[in-house]
Amino acid sequence: MNTNQIKYFLSLVRTKNITQTANQMFVSPSTVSKNIHKLETFLGTKLIKPGRRGIELTTSGEFFYVKAKRIYQDIDDTVTDIKNSNLKALEPITIAFTGSLFEIEFLSQFIQNLDEKLQPRINLEIFDPNDGNGISTALIQGKYDFVLYQKDFFIDKKEIAFKSVFATGLSVITSKKNLLSQKRAISIKDLFKQNVYIWNSVPPLPLINHFKFELSLKYPEFNFKSISDEVVLEILCASNRCVGIIPSILYDKVNENLNFILLDYKLAFENGIAYRKGYEKKAYFKPVFHALKNAELTEKAKWID
């Protein structure tokens, strides 16, 4: 659970509408839906339900709303106190990430391995991959110190530096009821008779666009659709309505309803750490950067084949 999830929930209670909340928060509706879903998963209970006049609270939602208002007010008061103080030594180091399970695993290890003097300064924020320009702008303007993502996302941003940590390919998501789920690797031809969705962010990742263009040239008979919401894609695949193609970094090893199988296709995504050029001179840069890199590589060895 994080402050963004609480913020989206409180706004949704006021608006009773996901789209209105998204407009107020300057994010996409899918970002609101994803964060509410993650909050409900964390709490182990449904907080909202459809009603005649929009979104309504469940009994658990009403209970949590009372608590959440108090929690968020305490956080807001604390932030205000810090901003009004002269505690410059405690200026936060903000690391933005997409919220994937892989990142959650290695970031917890990163904080544990970091120097104790730096640990209290670490601030983690989840960003929406579908807010491409906003992420780059936030990094350039100093809202984020580091962004964990893929190289081609920042390829045309001259103010941003990127250090690759490791490369991964593509994976196919299938329901365990699908016969493809028994394979160790899947080829494009294996997917010809399947209902296939290919994930991409908005704005799109250039490498995914290149992949789709190559498919249309090499396999003109291959039909596929596009989707930008990874959570929705997993739900559709789990119901055995389709199969999905995603970057392997999004592999979800704890989902018991799905199998993630490597796609036999030569395409490499460079995953790593982006930061504003010039930040290398900051005193905290080297210890934080190397701790992030080491934690990523350690988790990658356990997580992704």
Only Cα pairs under 8 Å and at least 6 apart count here; give the relative contact order of the stretch 107-265 as a rounded whole percent. 33
To the nearest 20 Debye, how big is the dipole of the stretch 141-295 about its Cα centre, given +1 on the beta carbon of each Lys and Arg and -1 on that of each Asp and Glu? 340
In whole percent, what relative contact order does the chain give with Cα contacts below 8 Å and a gap of six or more residues? 22
Note to self, the chain gives a 222 nm [θ] from helices alone (DSSP H runs n ≥ 4, -39500 (n - 2.57) apiece, / all residues, nearest 500) of -13000 deg cm²/dmol
Relative packing of 148-158, 44-54, 185-195, which averages over residues the other C-beta atoms within 10 Å, highest first: 148-158, 185-195, 44-54
Solvent-accessible heavy-atom area per residue, rounded to whole Å², over the chain at 1.4 Å: 55
In debye, nearest 20, what is the charge dipole magnitude of the stretch 209-305 about its Cα centre with +1 on Lys and Arg Cβ and -1 on Asp and Glu Cβ, if you could check? 600
Cα-only radius of gyration and Dmax that characterise the stretch 80-201, units Å: 19.4, 63
Heavy-atom accessible surface of the stretch 165-271: percent carbon and sulfur, 1.4 Å: 52
Which of the aspartates and glutamates could a cross-linker bridge to Lys16, judged by Cα under 18 Å and excluding same-chain residues fewer than eight apart? Glu40, Glu56, Glu62
In whole percent, the Cα-Cα distances of the chain spread across 10 Å bins from 0 upward as 5, 24, 32, 26, 11, 2, 0
If you count, for each residue, the other Cβ atoms within 10 Å and average over each peptide, how do 63-70, 24-31, 242-249 line up from highest to lowest? 242-249, 24-31, 63-70
Under 1.5 on a/c is rounded, so check that first for the stretch 1-59, then, if it is not, pick prolate when a/b is larger than b/c and oblate when it is not; a ≥ b ≥ c are the square roots of the alpha carbon gyration tensor eigenvalues. oblate
Add +1 for every Lys or Arg and -1 for every Asp or Glu among the other residues with Cβ under 13 Å from the Cβ of Gly244, and state the total. -2
Could you please state how large a percent of the accessible area of the stretch 25-77 is carbon and sulfur, counting protein chains only and using a 1.4 Å probe? 57
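Of all the accessible heavy-atom surface of the stretch 103-163, with the other protein chains kept in place and a 1.4 Å probe, what percent is carbon and sulfur?
Working: 1370 of 3100 Å².
The C+S portion of the solvent-accessible surface of the stretch 103-163 is 44 percent.
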Mean projected area, convex hull of alpha-carbon positions in the stretch 206-305, reported to one decimal in nm², is 8.7
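The values are calculated or read from the model by the stated rules, or taken from the named source; none is laboratory data. In this text the structure is predicted, and so the values were computed from the model without any measurement. Counting neighbours? That spans all protein chains shown, and the Cβs are built from the backbone with ideal geometry, glycine included. Keep in mind that these areas ignore ligands, DNA and RNA; they rest on the heavy atoms of the full protein, side chains included. Shrake-Rupley method; radii C 1.70, N 1.55, O 1.52, S 1.80 Å.
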